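Notes follow the structure.
The values are calculated or read from the model by the stated rules, or taken from the named source; none is laboratory data. Just so it is clear, the structure is predicted and the values come from calculations on it, not from any experiment. When we count neighbours, we look across all protein chains shown, and the Cβ atoms used for this are built from the backbone with ideal geometry, even at glycine.
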Amino acid sequence: MRDPISIELNKIETGARMRPSTDTKVTALALSISGSADAGIGFDGLRLPIEIRKSKREGEYILVSGLNRLRAMEMLERTEIAAFVLDVDAIRAERLELEENLVRADLTALDRAFFVKRFREIFEAEHGEVKAGRPAEDNTGNLPVFSDAVVERLDMSVDMCRRALRIANGLHSDVPSMLRGLDWDDNQKALLELAGVPPEKQVDVVNILLDEEVAAASMREAIAMLDGAPVQGAKDEALKKWYGVVNLRKPEQMRVAREWMAKRPDVFEEVLAERGYEVVLKAK
């Protein structure tokens, strides 16, 4: 790879990104870059140059990877940034963006699913539809080639890829925006359960899941509620646990009781007060 060159920020177009920048990461990067610059590290503090490709417009460029780094330099009011200029077309550039994001550990299960889906679409645009069988000149039988690409390029197992595609292909188009930013967007088990629901019912399931008054404890419970199946509530679950405690031996019951009293001493004191006792704590 050639050495990076300095490019004016206003000459770089970000284009449509599958994953937008995040304020918290941009701020953290800006602080890191500023500190590195003060110590004389990197390219004006930037340790890893961004990647760009030439635009059709003379003297302008399109970002390939490094959106957060670009935004961090803008936050620091820098006018230029170090960049590697890649000789790639639009499809190859998008594939590089996907690969870079998919090998990172901070993608949610939801984002990972749609990145994998887009990676497969680009692969099929270059190599033909992914099919099983023996490779041939007409691009059929390229499933082994795609599987190798998943393992080598994305650092994912084939099973992980299949699960990601089940999520991306199975979810209703309105669902990702409803779940993104919540804990549910990184719950692969819940996303797979939702993807197994008919698409026309999925929005209703998510509405139940996010309704605080309904208080569904899991995706499976929200699905059951939509279907009208009886759902075990919190009180039923607590009673079930209590029956379990009653069946324990006395030393184990005492252990559970001590743990419970330590977590909720107010409840313990309230029960004793109802029976006419008063709890007095002695100083050691």
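Taking region 16-51 as the search range and keeping residues that are among the small types (Gly, Ala, Ser) and part of a loop (DSSP other than H, G, I, E, B), which one is surrounded by the fewest Cβ atoms within 10 Å (Cβ to Cβ)?
Restricting to residues being among the small types (Gly, Ala, Ser) and part of a loop (DSSP other than H, G, I, E, B), the top hit is ALA16.
Pick from region 245-266 the residues that are loosely packed, with under 11 Cβ neighbours inside 10 Å and more than 37 Å from the chain's Cα centre (by Cα): which of them is modelled with the lowest pLDDT?
VAL246
Report, by residue number, each residue of region 71-95 that is part of a helix (DSSP H, G or I) and either under 22 Å from ASN169 (Cα atoms) or out of contact with any strand residue (DSSP E or B) (no Cβ under 6 Å at 6 or more places or on another chain) (or both).
ARG71, ALA72, GLU74, MET75, ALA90, ILE91, ARG92, GLU94, ARG95
How many residues does region 167-186 contain that are among the polar types (S, T, N, Q) and closer than 18 Å to ASP211 by Cα?
1
Kindly indicate the residue of region 156-185 that is touching a Lys or Arg at 6+ places or on another chain (Cβ under 9 Å) and not polar (S, T, N, Q) and also modelled with the lowest pLDDT among those meeting that condition.
Ranking the qualifying residues of region 156-185, first place goes to MET156.
Assuming ILE7 fulfils every condition listed in (1) among the aliphatic types (A, V, I, L, M); (2) crowded, with 18+ Cβ neighbours inside 10 Å; (3) within 30 Å of LEU110 (Cα to Cα) apart from one, which condition is it?
In the conditions (1) among the aliphatic types (A, V, I, L, M); (2) crowded, with 18+ Cβ neighbours inside 10 Å; (3) within 30 Å of LEU110 (Cα to Cα), ILE7 misses (3) alone.
On the given criteria, is VAL64 within 19 Å of PHE119 (Cα to Cα) and either touching a His at 6+ places or on another chain (Cβ under 6 Å) or part of a loop (DSSP other than H, G, I, E, B) (or both)?
When the stated conditions are applied, VAL64 does not pass them.
Any residue in region 52-77 that is under 14 Å from GLU8 (Cα atoms) sitting within a Cβ distance under 6 Å of a residue that is surrounded by 21 or more Cβ atoms within 10 Å (Cβ to Cβ) and of a type in the set (Ser, Thr, Tyr)? List the pairs, counting only those 6 or more apart or interchain.
none
Among the listed residues ALA82, ALA39, identify the single one that is farther than 17 Å from GLY15 by Cβ, in the same structural domain as THR22 (by TED's automatic domain parsing) and in contact with a Pro (Cβ under 8 Å, 6 or more places away or on another chain).
Within the list ALA82, ALA39, the selection yields ALA82.
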